[in-house]
Amino acid sequence: MATNNQGRPSQPGAAQALDLPTISGATISGDRGLDHEEPLLFELGRAGQCGVDLPDVTISDDRLGGQRRKGPIGLPGLSEPEIVRHYVRLSRMNYAIDAGLYPLGSCTMKHNPRLNEKLARLPGFGDLHPLAPASASQGALALISELMSWLTTLTGMPAVAMSPKAGAHGELCGLLAIRAAVAARGELRHRVLVPESAHGTNPATAAFAGFTVDEVKATPEGRVDLADLKAKLGPDVAAFMLTNPNTCGLFEGEVIAMAELVHEAGAYFYCDGANYNAIAGRVRPGDLGIDAMHINLHKTFSTPHGGGGPGAGPVVLSARLAAFAPLPLLVHDENGFRLVEELEGVPAGAKPFGRMSAFHGQMGMFVRALAYMLSHGRDGIRQASEDAVLSANYVLASLKDVMSAPFEGPCMHEALFDDTWLAGSGVTTLDFAKAMIDEGYHPMTMYFPLVVHGAMLIEPTESESKESVDNFIHVLRVMAEEVKAGKKDRFEGAPRLAPRRRLDETAASRKPVLKWKAE
Amino acid sequence: MSETRYTDQHEWISLEGDEATVGITRFATEQLGDVVFVDVPEVGKSFAKGAEAAVVESVKAASEVYAPVAGTVTAGNYALGDDPSLVNADPEGAGWFFKLRLANKAEFEALMTKEQYQEFATGH
Amino acid sequence: MRYLPLSPADRGAMLAKIGAPDVDALFADVPLSAQRPVTGFDLPDHQGELEVERALARLADRNVAAGSVPSFCGAGAYKHYVPAAVDHLIQRSEFLTSYTPYQPEISQGTLQVLFEFQTQVAMLTGMEVANASLYDGSTATAEAVLMAQRITKRPKAILSGGLHLHYVETVETVANLHGVTKRALVTPGTEEDLDSLIDEQTACVVVQSPDVFGLLRNIKRLAEVVHTKGALLIVVVTEVVSLGLLESPGAQGADIVVAEGQSLGNGLNFGGPYVGLFATREKYVRQMPGRLCGQTVDSLGRRGFVLTLSTREQHIRRDKATSNICTNSGLCALAFTIHLSLLGEEGFTRLAALNHAKAVTLANRLAAVKGVSLVTSSFFNEFTIRLSKPAADVVETLAAKGILGGVPASRLSPSDRDLRDLLIVAATETNTDEDIEAFAAALEEVL
């Protein structure tokens, strides 16, 4: 079928030739049942229409110093019902955790409780100015303090920096604290060691923070090669960055030995807390010898992912690093809580390395995370971790005979498969994952971690019922059997039933079209 | 009469007089997939042997292209800016990256011949 | 536990399939010495919704919401009215509970929104390309400086004295890792001499307009000077509504424009989450940090959208990435885009005019108060006044009278004695004439 760029039939009569719309056939409108095509805002709007009613003010004595805009901006005008329909239609082209199992390994797509949304919108939080006087924000500062207390108690670390705005920002915060601590000791340490299985943010952050990056090898069992770590440690190493549980979904059982090696070499031990959700409420990273760890509140503590943010990445710090936490610092004295915003006036011993952002962190996420913690309690947080690990192991046990698992279990909160089982079938990891879309599932994480060929990383999370996980396993089993039966047609070019077929990423990169232009 | 040599980084270098043309091999383009962008160096830049001279990107990967020999850039294939697909279509012809004036011809002589490279690439 | 669907029987059946005697066996790789019983955490057990709501509402009640009193706080975060449709739409599950659009076939909603967002940001800033958002205005400013250092291969960033001090510190934290920063000194309400600081080592000049004291800066002239020295001009906008009334930074010669987008669609949220806008010239697109959405077609030739130019990013370039940024500020960008869509050209320009009109009224009224003098001559919706008493004390006294009377300049830099008597005040469409009168009357009592 020939289509124009809005997905509608280019020949209006084409669909009329059909007796009835069929699964594969065209419709007159170009829409199909509940699936609506939707133009861009700029193609819908027109001059003179508006979705708000505001008075038209004439300013006789403007104070704009001659800088008043001369030409129009070019924004389209639409009424409220048109805007609402536009975005509702767009929303329906998205997969979401609320609509189905979202097994995206290392991303932790768990349920987002609606209570948390409600509480974050209380005017006392949502409508509170960041620079309101301390007397007008005692409740907000108390909330931050309480969240800090939960985070330090759960992790067994004495301090926490709250201002990082996402996981990668937290990593940067941790490495800058390490940099400051190294400098305070009068040492020059320019190297950071990162396992080869690490997430791309780890080396990117280390380079961003001014370090050179060296990779540490993995063992055939998917863990850090302790001998290689030992060989690469030296007086020029500032830090070792480890994800634990690691990116293969495995717990690094030698973590305490690693911490000892790192500390003996005079370096600091950074832990990427992306997978902390497997061990929260059971293991305190502080007991493992960790010096700094960011906590993705949008993973472990379920603040919504929002289509790619906002996140929040507070960093817990050991006693060796606590003094270097960035500004602002939250202090409590006889007048209640207040924020210390600059070096002058910091508590004795504090040596903040600088500032991560204009204000004091992702307050909206703090409210949601604390609501999650209070709702779950210590028993619920532990149970959530256990259920996440149980579900992942259940998936691993149920599929490892038809797919191939590179490492022996037990796994932590995610089950890793490779593409050995696809060898010779003509079906790739990508094809298999895209075919899951036709079955109503979001694909698992693919081709990560890089240390496993054709990796498929499945994280069911604790939010799925057994029935839901059983259905998922059943679908994947049948699909795997179809691969083995040589039915590769359904995999090639999948998905077929999604709002779009595979998209041409090469064309997108070669001739980038990054905004709408009037034709 | 030009003479062509190859590097273990999958670059080819073709010498005519004291000017050499550099690009990446067909084997390299097959590994990369569809090339979407090439960062071609400016004329007049000098590189030591092995220095990062260009960057070639596909949708999912980015690779540095190293100067196979020391020299100064005399020309860049800026047509790749408009049409990076030339690299896939004709990697060892119209898809060239840049030309260098050689600093030391011995460096060129030390690189792999076509036969040596073919053996290297297939064994890799 | 209401959020956990597995029953004890389910767990038993799953363990049986796994072949593990109990769940502890699944944690066999974890050193026993590091495992704690649940009682090893000095924290409360789970609670019902009612109890949790009660506990947090109690904390919320101890804060003074901007909408509950006459409020004139700005300095990087602004109280605006957000139409009800915005919050309804962003809470749709398909937007709220989806991940970064890595699977474009089932993420066209998020992707098309990002494409619309990028287009809107490019229009407002007068630039050719914009990314899919960064964390906030301050981190976007830091990223812009790093980008300028990469493009020019020069180390030095000159930071205007009118740049929000917390932005300055955010920039310094990262820009000094790869280069150097130089703070220019300014007398509030005036433009400092930046020209003489620019040399052949200068990568960029960073100027905020309206600046932190509310002053509208002469961007056009500065751009010419910066460009003759081969450096880039970064323009920072902390109040994005100003772009409805003012000439765009792009039209005045900016090379990179960054902005805090909170004012549109997003609440004050005590400082976050916000949304950083980032726009530049097309020729610099491959040096730009953050996610980008691009238009393409699917295998049937239908228009669709994908994340593109991802080779700049951390998951491919690793230690050679342009930035370590992983997420954008997706949901806040969505709120921004929906709010701006509702406003449209007419609504947005009216909103901006209304803000300016309120600020002019406020400035005229406050200037008539004894002990107040106006520091900022040309401004948008925010300006600075000098008081006859220390501003921080005045603000606390006003707060006790139920008025949030702006941000003392000393709040941003407590040790700077020159700022002690300066008060930064903002007026928006949310301020009524009664609010303005109440503020002025209270100030008359206090001074």
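Go through segment C:45-62 and count every residue that is in a helix (DSSP H, G or I) and touching a Leu at 6+ places or on another chain (Cβ under 9 Å).
Here the count works out to 9.
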**Asked** Any residue in segment C:14-24 that is at the interface with chain A (Cβ under 7 Å from one of its Cβ atoms), open to solvent by 40 Å² or more (accessible area, probe 1.4 Å), modelled with pLDDT of 95 or more and closer than 30 Å to A:L115 by Cα?
**Response** no
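Here's the yes/no breakdown for (1) farther than 25 Å from A:I458 by Cα; (2) buried (at least 21 other Cβ atoms within 10 Å of the Cβ); (3) of a type in the set (S, T, N, Q); (4) modelled with pLDDT of 95 or more:
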{"position": "A:E221", "(1), (2), (3), (4)": "no, no, no, no"}
{"position": "A:A227", "(1), (2), (3), (4)": "yes, no, no, yes"}
{"position": "A:L233", "(1), (2), (3), (4)": "yes, yes, no, yes"}
{"position": "A:F240", "(1), (2), (3), (4)": "yes, yes, no, yes"}
{"position": "A:T247", "(1), (2), (3), (4)": "no, yes, yes, no"}
{"position": "A:I256", "(1), (2), (3), (4)": "yes, no, no, yes"}
{"position": "A:Y268", "(1), (2), (3), (4)": "yes, yes, no, yes"}
{"position": "A:V283", "(1), (2), (3), (4)": "no, yes, no, yes"}
{"position": "A:G289", "(1), (2), (3), (4)": "yes, no, no, yes"}
Only one of A:F337, A:F353 is over 19 Å from the mean Cα position of the chain (by Cα), assigned to a loop (DSSP other than H, G, I, E, B), surrounded by fewer than 24 Cβ atoms within 10 Å (Cβ to Cβ) and touching a residue at least 40 places away in the same chain (Cβ under 8 Å), namely A:F353
Expected single match for buried (at least 24 other Cβ atoms within 10 Å of the Cβ) and in contact with a Ser or Thr (Cβ under 8 Å, 6 or more places away or on another chain) among C:A148, C:A184, C:A175 is C:A175
Q: With respect to A:G311, determine if the residue is within 7 Å of chain C (Cβ to nearest Cβ), open to solvent by less than 10 Å² (accessible area, probe 1.4 Å), under 30 Å from A:R92 (Cα atoms) and within 18 Å of the chain's Cα centre (by Cα).
A: yes
Considering segment C:250-265, residues that are within 13 Å of chain A (Cβ to nearest Cβ) and in contact with a Ser or Thr (Cβ under 6 Å, 6 or more places away or on another chain), and then whichever is farthest from C:R221 (Cα to Cα), we arrive at C:E260
Of all strands (runs of 3 or more DSSP E) fully inside segment B:6-112, the set with 2 or more residues that are closer than 28 Å to C:L307 by Cβ and either at pLDDT 90 or above or open to solvent by less than 60 Å² (accessible area, probe 1.4 Å) (or both) is B:35-39, B:52-58, B:62-66
Looking across segment C:191-226 at residues that are open to solvent by 60 Å² or more (accessible area, probe 1.4 Å) and out of contact with any strand residue (DSSP E or B) (no Cβ under 7 Å at 6 or more places or on another chain), the single one that is farthest from C:A359 (Cα to Cα) is C:E200
Every listed condition ((1) outside any helix (DSSP H, G or I); (2) under 30 Å from C:I106 (Cβ atoms)) holds for C:T311 save (1)
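For every residue, the table says whether it meets (1) buried (at least 19 other Cβ atoms within 10 Å of the Cβ); (2) more than 7 Å from chain C (Cβ to nearest Cβ); (3) within 27 Å of the chain's Cα centre (by Cα); (4) assigned to a loop (DSSP other than H, G, I, E, B).
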| site | (1), (2), (3), (4) |
| --- | --- |
| A:T27 | no, yes, no, yes |
| A:G30 | yes, yes, no, yes |
| A:E43 | no, yes, no, no |
| A:T58 | no, yes, no, yes |
| A:G65 | no, no, no, yes |
| A:G71 | no, yes, no, yes |
| A:I83 | yes, no, no, no |
| A:K110 | yes, yes, yes, yes |
What about A:S425, is it surrounded by 24 or more Cβ atoms within 10 Å (Cβ to Cβ), polar (S, T, N, Q) and not in a helix (DSSP H, G or I)? no
Picked from segment A:136-161 (must be open to solvent by 10 Å² or more (accessible area, probe 1.4 Å) and free of Cβ contacts under 8 Å to residues at least 40 places away in the same chain), the residue nearest to the other protein chains (Cβ to nearest Cβ) is A:T153
One residue is enough: does segment C:101-123 have a residue meeting the conditions more than 23 Å from A:E505 (Cβ to Cβ), open to solvent by 10 Å² or more (accessible area, probe 1.4 Å) and either under 21 Å from the mean Cα position of the chain (by Cα) or not polar (S, T, N, Q) (or both)? yes
(request) Please work out if C:V306 is touching a helix residue (DSSP H, G or I) at 6+ places or on another chain (Cβ under 7 Å), more than 7 Å from every other protein chain (Cβ to nearest Cβ), in contact (Cβ under 8 Å) with a residue 12 or more places away in the chain and not in a helix (DSSP H, G or I). (result) no
Please indicate, with yes or no, whether at least one residue in segment C:327-335 is at negative phi, touching a strand residue (DSSP E or B) at 6+ places or on another chain (Cβ under 8 Å) and not assigned by TED's automatic domain parsing to the domain that holds C:N431. yes
Being assigned to a loop (DSSP other than H, G, I, E, B), modelled with pLDDT of 95 or more and more than 25 Å from C:T100 (Cα to Cα) narrows A:R320, A:R382, A:R378 down to just A:R320
If you go through A:P460, A:P499, the only one that is open to solvent by less than 10 Å² (accessible area, probe 1.4 Å), assigned to a loop (DSSP other than H, G, I, E, B) and within 30 Å of A:D35 (Cβ to Cβ) is A:P460
The number of residues in segment A:462-518 that are within 14 Å of chain B (Cβ to nearest Cβ) and within 16 Å of A:K434 (Cβ to Cβ) is 4
For segment C:266-286, the count of residues that are in contact (Cβ under 8 Å) with a residue 24 or more places away in the chain, over 24 Å from A:A136 (Cβ atoms) and of a type outside the set (S, T, N, Q) equals 10
The residue that is nearest to C:I403 (Cα to Cα), considering only those in segment C:19-44 that are aliphatic (A, V, I, L, M) and outside any loop (DSSP other than H, G, I, E, B), is C:V38
Okay, strands (runs of 3 or more DSSP E) sitting entirely in segment C:139-209 with 2 or more residues that are basic (K, R), I get C:180-183
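Go through segment C:204-248 residue by residue and tally those that are acidic (D, E) and under 22 Å from C:V375 (Cα atoms).
2
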Restricting segment A:112-130 to residues that are farther than 30 Å from A:S385 by Cβ and without any contact (Cβ under 8 Å) to a residue 60 or more places away in the chain, the one surrounded by the fewest Cβ atoms within 10 Å (Cβ to Cβ) turns out to be A:P123
So, A:L104, is that one at the interface with chain C (Cβ under 7 Å from one of its Cβ atoms), in contact with a His (Cβ under 9 Å, 6 or more places away or on another chain) and touching a residue at least 24 places away in the same chain (Cβ under 8 Å) or not? yes
A:L119 fails exactly one of (1) within 7 Å of chain C (Cβ to nearest Cβ); (2) touching a Leu at 6+ places or on another chain (Cβ under 6 Å); (3) of a type outside the set (V, I, T); (4) over 17 Å from A:T303 (Cα atoms), namely (4)
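The values are calculated or read from the model by the stated rules, or taken from the named source; none is laboratory data. Everything numeric here is computed off the predicted structure, so don't read it as measured data. Every residue, glycine as well, gets a Cβ built from its backbone with ideal geometry; the counts of neighbours run over all protein chains shown. Accessible surface is based on the protein model in full, side chains and every heavy atom, while ligands, DNA and RNA are left aside. Shrake-Rupley method; radii C 1.70, N 1.55, O 1.52, S 1.80 Å.
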